[in-house]
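In what follows, a structure is listed as structure tokens, so that the remarks can point back to it.
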Amino acid sequence: MTNVKINLNHGWKKIDNIYIKGTILENNHILKPEDVFHKLNELEESKVIDCLRHLNGYFSIINVNENNGWMAVDRIRSFPLFYGKQKDSLIISDVASLVKEQVGDLDIHPIARQEFLLTGFVTGPDTLFE
């Protein structure tokens, strides 16, 4: 796997390879970060996405291990995550400017810029920077 660099602000709970921020609800019950960790680690990889789709609340989750990883945010991106690639490193952060600096990406995609100004986010597979 690519070298992964994770740089996060305060408020994150790290348990082994999983970073969790926010409040996660399942069936209208608040889950402790430890419960989320155990729930996700017990699932087969193919079942994780389905599990995440059934969670509510305001949260972000990052799971990175030696072979692969994934990131998830709630439906309204209460705690947005940003990522970029630089050579053989994947940079993940909750601070967009930090990723931008480390990746050295300075050119803003003009269509994505307009979309961001109109909607407050960029849709589809595009990013704000080229």
(message) Out of 121, 116, I need the residue that is surrounded by 11 or more Cβ atoms within 10 Å (Cβ to Cβ) and assigned to a loop (DSSP other than H, G, I, E, B). Which one?
(response) 121
(request) Please find, among 60, 97, the residue that is closer than 22 Å to residue 10 by Cβ and exposed (fewer than 14 other Cβ atoms within 10 Å of the Cβ). (result) 97
(request) Working only within the range 13-30, note down all residues that are touching a Gly at 6+ places or on another chain (Cβ under 8 Å) and without any contact (Cβ under 8 Å) to a residue 24 or more places away in the chain. (result) none
(message) For the range 22-45, give me each residue that is touching a helix residue (DSSP H, G or I) at 6+ places or on another chain (Cβ under 7 Å) and modelled with pLDDT of 95 or more.
(response) 24
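Each row is one residue, and each column tells you yes or no for (1) touching a residue at least 40 places away in the same chain (Cβ under 8 Å); (2) closer than 17 Å to residue 21 by Cα; (3) part of a strand (DSSP E or B).
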{"position": "49", "(1), (2), (3)": "no, no, no"}
{"position": "71", "(1), (2), (3)": "no, yes, yes"}
{"position": "79", "(1), (2), (3)": "yes, yes, no"}
{"position": "105", "(1), (2), (3)": "no, no, no"}
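The values are calculated or read from the model by the stated rules, or taken from the named source; none is laboratory data. All of these numbers come straight from a predicted model, not from anything done at the bench. In this analysis, Cβ positions are derived from the backbone assuming ideal geometry, glycine residues included, and neighbour counts consider all displayed protein chains.
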